[in-house]
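**Student:** Just dropping this structure here.
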Amino acid sequence: MGDLFEGYTLARPYGRPAWDEMFEAEGIPRAATQMLHDALQALPPDEFEARCAARDRSFTDRGITFQLSGEERPFPLDLIPRIISANEWALVAAGVAQRVRALEALLSDLYGPGRILEDRVLPRRLVTSSAHFHRAAWGIEPPNGVRVHVAGIDVVRGGDGRFYVLEDNIRCPSGVSYVIENRRMMARIFPELFASHRVESVQGYPAKLLEALRASAPSAVADPTVVVMTPGVYNSAFFEHSFLARQMGVELVEGRDLVCRSGRVYMRTVDGEERVDVIYRRVDDDFLDPLHFRSDSIVGCPGVVNAARAGNVTIANAVGNGVADDKLTYTYMPDIIRYYLNEEPLLPNVATYRLEDPDQLAHVLDHLDELVLKPVAGSGGYGILIGPQATELQLAHARHQIATDPRSWTAQQLVALSTSPTRVGDRLAPRHLDLRPFAINDGKDIWVLPGGLTRVALPQGSLVVNSSQGGGSKDTWITVGSDPAPTGIHFATRSVSDADSPPREASERAVRPEAGPAWDERERHHQQQQQQQQQQQQRIRAC
Amino acid sequence: MLSRIAEGLFWIGRYMERAEDTARILDVHIHHLLEAPVTSEGQLCQSLLAIMGVEIRDSAPKELTARRVTEILAFDADNPSSIVSSLLAARANARGVSEAISSEMWEALNATYNALPAHLELGRRNVPYAFFRFVRDRAAMVAGLSESSMSRDDAWRFFVLGRSLERVDMLTRLLSSAVVGSDPEHGRDRQPDWAMLLRSFSAHEAFLRSYRREPEPVTAVEFLLLDRLFPRSVFWALSTAEDCLAELDPRLGRAGMPDESRRTLGHLRTNLEFRRVDDLLEDLPSVLVAVQKGCAAASAALAARYFRYTNPIEWSSEVVGVES
């Protein structure tokens, strides 16, 4: 019986070598993953299977599941963590924070003076034709200037080992609950791996989020009431909504729990109506307020946008953010960063073609079989066409579509997404990954959660990682200090502070737990037994 | 706390208690039925269904068997008050309010739901006892976790309120079943097996410790209706519900009782507490019906006062000339 890595060969999608997160060459692990590799190699495959079963049982019992063709399945966490060294992470985190700063500046400009349009860095046409530019949000000035309270910036690692930004998500980015749950699960299932690695904690997220939400409350409120707003239990991300509300200790409301009156928002409680100051909504703009958007929405609350306009409530993330994470706006992001921040982008974009430009369109039409075609309005991995995988018929169809409606499509250079060993059957095989780091903006500071959600495409060769397309996930470890810990000595390397603190005085030591009568009984019983035996002996002697 | 959440908690309490008590009642009666002569089995089954408030149309009383009754009251997901339906409903409610209960409690309810299919199959394959045992164990676990992991705030009060009202309701049904079983009109004169009835609500040992002799009609009814110390007596459950209501709204006017549900429950309790037990026994069927009706009225008053939120409203836009 071989080890888990038996038969593991590095992936070469479409002839291009992909960056493997664990191996730098066939059979040779990278410095940062050496220890993890060795620990996994020492693990018998049946032991690994047993841990997978324990993981599934635990996820199922705790209701961390998703629906796949009508069946409830445990959340697909792959047990092999993905490691990013602290040095590499520092660049990603800085790049993500920079991106969020630029997006904030862009939104504040677009829903205000529109300087960037005057200066012709961004075409006005692009903004006005965006389905996510909402006039209802124009002129709403958020209390602490924050519109992007939470951002999820999707990054991928190319064959050259560099990280590229693939997509910005600043409407309702989801997945952070899985980051935290994945870590908790890993700590239970693989405690020994954590003993030999120093991994940055992800538990601080809910506290940071609550802090940022409180900071965004209307300024007149001293002790703001924050709520999480969900479309309801049938939403696929309901677990996350409930998780965040619980972890922050705030109410989870549905639209019908809220009521707006004279420009203020209240929730219906058993003590009557209670003021709400900050709504962390996980309901899309379109469904948020039937007065302004879709009037057939039954998951929204009529009047919240007007209340936000009156400055009586903060909606997080702000209404209308979609104009800035549009797939077309994405193509301008490097210029936007330079325009507002006067900085060079730390993380590059993936090369993308604007199909409205006739030259670029012509190029794309010629090279469609090498490119990735994405619908501008789409999300969740639907409608993506991967050139090298497509049939002639699909390509012909796509050519026709983009020629008739270029605004609805973008074309991207194919990135050979990096791979990581992933459980397939009873062995490990390379599968492609992306990464969604999460950033929180509290108005003073942008905090990036160390790690983020690594999504993995489970079908062989697939480059689409969305969970709606059969994707899995991995725990993402930001490891500090690359010097390998001496094997066999656990925990000591982790808690440096404990080792430094002086040994406790004897007087500080806790007293032993008190013993009840049962304990005394045993002592007495023992004594009784002894005495009885002595008596017996005496009697024998007396005879 | 949100009205919707309060209602969810109230119903988790009710459904779990209903599942547990139905399992307890069935456990006793299936045994009872199996020992009954074949001629009266149908009759007894019908009265059991009537007591549990289930109407049955598709089969004549004579065709009813213990197996069929178990199917209807325990396993049938189409019967809204069956054990399975109650467990499903408890879990569905918990899912909607899972941030308001502790995660351990949610896990216990969810794990019950996940284990249900396997136990259901086992129960249907002639081992209903194993299924009842499973239900009681899971209910005990949920109750224990609620006890040790919930703050004694309004969430707790609504949960306990639901549990207590349901307990009163189910206790009266259990007592009704005893009364019907002993009714000479139904075939033969069957003295109810009081020891077994007490045992089904885990009350037999407590009874023996308190009365120091085997139960008789008067003492058994006294214990299940009026005992001040035993947590599965009608009196205890009513008082607990009253206490919860008092803590939810401690305000009292100068005279009378402004809170409708509290007044109803107080009235029920005093009517039991301050009557002679012989009187109660003589009049038992109507006393039990009155208690059941009172509980329903109290529950309705509670909903009207605390669970006021709207169902989703669909808005339609007026067609204005300029719009296409």
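The values are calculated or read from the model by the stated rules, or taken from the named source; none is laboratory data. The shown structure was predicted, so the numbers you read here are calculated from the model rather than taken from an experiment. Methodologically, a virtual Cβ is constructed for each residue, glycine included, from the backbone with ideal geometry; neighbour enumeration extends over all protein chains shown. We work out accessible area using only protein heavy atoms, side chains counted, and drop any ligands, DNA or RNA first. Shrake-Rupley method; radii C 1.70, N 1.55, O 1.52, S 1.80 Å.
**Student:** May I ask you to derive the relative contact order of chain A, considering only C-alpha pairs under 8 Å and at least 6 residues apart, and to give it as an integer percent? Show your work: numbers first, answer last.
**Tutor:** On the way: 952 pairs, mean separation 118.9, N = 543.
Taking the mean separation of contacting Cα pairs over the length of chain A, I get 22 percent.
**Student:** For residue A:480 and residue A:10 in one chain, what is 0.36 nm times their gap in residues minus the Cα-Cα distance, to one decimal in nm?
**Tutor:** On the way: separation 470, 0.36 × 470 = 169.20 nm, distance 2.63 nm.
Extra length available between residue A:480 and residue A:10 comes to 166.6 nm.
**Student:** For region A:351-414, what relative contact order do you get, as a whole percent, if you take Cα pairs closer than 8 Å and at least 6 residues apart? Working shown, then result.
**Tutor:** On the way: 87 pairs, mean separation 30.8, N = 64.
Here the relative contact order equals 48 percent.
**Student:** While we're on this one: 222 nm [θ] for chain B, helices only, -39500 (n - 2.57) per DSSP H run of 4+, per residue, to 500? Display every interim value, and only then the final one.
**Tutor:** Details: 14 runs with 221 residues, N = 324.
My calculation for chain B gives -22500 deg cm²/dmol from helical runs alone.
**Student:** For region A:351-414, what does the alpha-carbon gyration tensor say about shape, rounded, prolate or oblate, given a ≥ b ≥ c as the root eigenvalues, a/c under 1.5 as rounded, and a/b over b/c as prolate?
**Tutor:** On the way: a/c = 1.32, a/b = 1.08, b/c = 1.22.
Rounded is the answer for region A:351-414, as its axis ratio a/c remains below 1.5.
**Student:** Between the helical axis of A:517-542 and the dominant principal axis of chain A, each derived from Cα atoms, what acute angle in degrees is found, rounded to the nearest 10?
**Tutor:** 20
**Student:** For the pair residue B:35 and residue A:395, what calculated FRET efficiency results from E = 1/(1 + (r/R0)^6), where r is the Cβ-Cβ distance and R0 = 56 Å, to the nearest 0.05?
**Tutor:** On the way: r = 77 Å, r/R0 = 1.38.
According to the calculation, E is roughly 0.15.
**Student:** In terms of modelled amide H atoms, which long-range or inter-chain residues lie less than 5 Å from the amide H of residue A:355?
**Tutor:** Here the answer is A:411, since their amide H atoms fall under 5 Å of that of residue A:355.
**Student:** Add +1 for every Lys or Arg and -1 for every Asp or Glu among the other residues with Cβ under 12 Å from the Cβ of residue B:149, and state the total. It would help to have the intermediate numbers written out before the result.
**Tutor:** Details: positive: B:152; negative: B:104, B:107, B:147.
Neighbour charge sum, excluding residue B:149 itself: -2.
**Student:** Among the lysines, which fall within straight-line cross-link reach of residue A:374, defined as a Cα-Cα distance under 22 Å, with same-chain neighbours fewer than 8 residues apart omitted?
**Tutor:** Candidates past the 8-residue exclusion: A:327.
**Student:** Check cross-link reach from residue A:474 to the lysines: straight Cα distance under 24 Å, and skip same-chain residues fewer than eight apart.
**Tutor:** A:208
**Student:** Still on this structure: In nm, to one decimal, how far is the residue B:214 label point from the residue B:260 one, both placed 7 Å along Cα→Cβ?
**Tutor:** 4.8
**Student:** Taking the Cα centre of each part, how many Å lie between region B:97-124 and region A:445-467?
**Tutor:** 31
**Student:** Could you work out the relative contact order of region B:3-306, using alpha carbon pairs under 8 angstrom and six or more residues apart, expressed as a whole percent? Write out the running numbers ahead of the final one.
**Tutor:** Details: 374 pairs, mean separation 64.0, N = 304.
Across region B:3-306, relative contact order equals 21 percent.
**Student:** Please go through region A:307-397 and write out the GluC sites (Glu not before Pro) that DSSP classes as loop and that have at most 14 other C-beta atoms within 10 Å.
**Tutor:** Working: sites: A:343, A:356, A:370, A:392; in loops: A:343, A:356.
Passing sites in region A:307-397 are A:343.
**Student:** I've got another one for you. HN-Hα J couplings of region B:278-293 from phi, Karplus 6.51/-1.76/1.60, θ = phi - 60°, integer Hz, Gly and Pro as x?
**Tutor:** 4, 4, 4, 5, 4, 10, 3, x, 6, 4, 5, 4, 4, 5, 4, 5
**Student:** Compute the Rg/Rh shape ratio of region A:65-123: radius of gyration over Kirkwood radius, all on alpha-carbon atoms. It would help to have the intermediate numbers written out before the result.
**Tutor:** On the way: Rg = 20.3 Å, Rh = 15.8 Å.
Across region A:65-123, the Cα-based Rg/Rh ratio is 1.29.
**Student:** How large is ³J(HN,Hα) for each residue in region A:81-91, as worked out from phi by the Karplus curve 6.51 cos²θ - 1.76 cosθ + 1.60 (θ = phi - 60°), to whole Hz, x for Gly and Pro?
**Tutor:** Once θ is set to phi - 60°, the couplings for region A:81-91 become x, 9, 9, 10, 6, 4, 5, 5, 5, 4, 5 Hz.
**Student:** Can you give me the long-range amide H partners of residue A:23? Hydrogens built in the peptide plane at 1.01 Å from N, cutoff under 5 Å, separation of 5 or more residues or another chain.
**Tutor:** For residue A:23, the qualifying residues are A:30.
**Student:** Keeping every protein chain present and rolling a 1.4 Å probe, give me the accessible area per residue for the protein assembly as shown in Å².
**Tutor:** Values: 40270 Å² over 867 residues.
Solvent-accessible surface per residue comes out at 46 Å².
**Student:** Helix A:45-61 versus the longest principal axis of chain A: what angle, 0 to 90°, nearest 10, using Cα atoms?
**Tutor:** The answer is roughly 70 degrees.
**Student:** If I model a spin label at residue A:344 and residue A:515 as a point 7 Å from the Cα along the Cα→Cβ vector, what separation in nanometres do I get?
**Tutor:** Result for the modelled spin labels: 7.4 nm.
**Student:** Run down the aspartates and glutamates and flag those whose C-alpha is under 15 Å from the C-alpha of residue A:444, throwing out any fewer than 8 positions away in its chain.
**Tutor:** By straight Cα distance, residue A:444 reaches A:104, A:211.
**Student:** Give me, ordered by chain and number, the residues 5 or more places off residue A:458 or on other chains with an amide H under 5 Å from its own placed amide H.
**Tutor:** Distant-sequence amide H within range of residue A:458: A:472.
**Student:** How many angstrom lie between the Cα centre of region A:98-120 and the Cα centre of region A:284-312?
**Tutor:** 24
**Student:** Kirkwood hydrodynamic radius, computed over distinct alpha-carbon pairs, for the protein assembly as shown: how many Å, to one decimal? Could you put the intermediate results ahead of the total?
**Tutor:** Values: mean 1/r = 0.0314 Å⁻¹.
Evaluated on the protein assembly as shown, it is 31.8 Å.
**Student:** Per residue of region A:100-115, in order, report the coupling 6.51 cos²θ - 1.76 cosθ + 1.60 (Karplus, θ = phi - 60°) as ³J(HN,Hα) in whole Hz, putting x for Gly and Pro.
**Tutor:** 5, 4, 5, 5, 4, 5, 5, 5, 4, 6, 5, 8, x, x, x, 4
**Student:** Which value in nm describes the separation of the simple spin-label points at residue B:247 and residue A:51, placed 7 Å from the Cα toward the beta carbon?
**Tutor:** Once both label points are built, they end up 4.4 nm from each other.
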